[in-house]
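What follows is a set of notes on a single structure, which appears directly below.
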Amino acid sequence: MTTSTANPGTRSAYWAGFRDGAPFILMAVPFSVLFGVVATDAGLTLAQAMGFTVLVIAGAAQFAAVQLMVENASIALVLLAALAVNLRMAMYSASLVPYLGPAPLWKRACIAYLNFDQTYITAIARYEARPEMTVPERVAYFFGVATPIAPIWMSMTLVGALVGKAIPEAWALDFIMPIMFLAMVAPMLKSLAHVSAAAVSVSVGLLLVGLPSGTGLLIAAGAAMLTGALVEIWQERRGV
Amino acid sequence: MNYASAEIWLIIAVMGVGTFLIRFSFLGLIGDRPMPPFVLRLLRYTPVAVLPGMVAPLVLWPAATAGQFDPVRLIAAIATVMVGVWTRNVLWAIVGGAVTLYAGMGLTALL
């Protein structure tokens, strides 16, 4: 994934991505350590814990799966619940198409593997803000964002599994995740349509929080996207 | 946990492949083909439609307090959004939220 043969545009896009991804180390460290601890406590071997982290590379789904495995749920239920948690990423995949669709298939496959909340939100914010970026620059930027996050996520899981101690709760690092996601979203609230979509997302998300495995979130996201699109059309008709 | 080692590896493998296919889905299959304008319009709102709904329950019922509402965390979340909207800068928003969170926790510890 180096850019040694690439032109200066993609190289600088890669390093811009690296810089923008770096703050997420703060968030990846406590969660990956915790996953290592939880996974080994649950009875997974070191190899199995690392298998999860490297092959699945999706924090929330990994925690959900291990939780259900501790409860000795059926294999089908574990898989169904964990994959449902990840379904929001199909929306991420679709929303990247207008920006990354023309990239070569193997690059899109690599991006798909690395397409999780942090890389997605960072990349899409940049693509929206800079429509002049070329497709190779966008690809390089995405890899740049993933470079500081993915290896930390994997290696810190290993540390957690070996050391077996989570970072103390008094540090409140649990709340780094909400703060970082809100910090990413807030600058995107640039129109009435965006604000309305976010408001619907929050209200429906809270209302349906009791539904299993992120299905409430999927409904909330669908309703919010529709709200955004309809408000946008309404504003266009009014000529705002 | 009562699974055989092979069963655990089966779970890991299917989850890995399934998650990859979810992430690859549209990006892999549609590629360069044009999408209908209304779909593009919907997709523009993906980030603001998914993340606020994902974070809201964590703000109101934090896992670290066993789901007990915590005013400090709510105020920190509001501060993050306000700084982010005002400065349009992600790092300032993170700093604003983190400073509010730790200042609030420090204050409640003193009181």
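The values are calculated or read from the model by the stated rules, or taken from the named source; none is laboratory data. A quick note: this is a predicted structure, and the numbers were derived from the prediction, not measured. For neighbour counting, all protein chains shown are included, and Cβ atoms are generated from backbone atoms with ideal geometry for every residue, glycine included.
All of (1) more than 7 Å from chain B (Cβ to nearest Cβ); (2) of a type in the set (Val, Ile, Thr); (3) in contact (Cβ under 8 Å) with a residue 24 or more places away in the chain hold for A:Val185 with one exception: (1).
For a quick check of your reading: which helices (runs of 4 or more DSSP H) sit entirely within the range B:1-83 and have at least 1 residues that are on the phi > 0 side of the Ramachandran plot, out of contact with any helix residue (DSSP H, G or I) (no Cβ under 7 Å at 6 or more places or on another chain) and within 7 Å of chain A (Cβ to nearest Cβ)? Full working, then the answer.
Values: elements: B:5-29, B:37-43, B:46-60.
Once the helices (runs of 4 or more DSSP H) in the range B:1-83 are filtered for at least 1 residues that are on the phi > 0 side of the Ramachandran plot, out of contact with any helix residue (DSSP H, G or I) (no Cβ under 7 Å at 6 or more places or on another chain) and within 7 Å of chain A (Cβ to nearest Cβ), nothing remains.
Here A:Pro131 meets the list (1) more than 19 Å from B:Pro34 (Cβ to Cβ); (2) in a loop (DSSP other than H, G, I, E, B) almost entirely, failing just condition (1). Against the numbered list (1) more than 30 Å from A:Pro131 (Cβ to Cβ); (2) crowded, with 21+ Cβ neighbours inside 10 Å; (3) touching a residue at least 40 places away in the same chain (Cβ under 8 Å), A:Gln118 comes up short only at (1). Listed conditions (1) modelled with pLDDT of 85 or more; (2) in a helix (DSSP H, G or I) are all met by A:Ala170, apart from (1).
Yes/no matrix, rows are residues, columns are (1) within 7 Å of chain B (Cβ to nearest Cβ); (2) surrounded by fewer than 24 Cβ atoms within 10 Å (Cβ to Cβ); (3) polar (S, T, N, Q):
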site: A:Ala197; (1), (2), (3): yes, no, no
site: A:Val204; (1), (2), (3): yes, yes, no
site: A:Leu211; (1), (2), (3): no, yes, no
site: A:Leu217; (1), (2), (3): yes, no, no
site: A:Leu230; (1), (2), (3): no, yes, no
site: A:Ile233; (1), (2), (3): no, yes, no
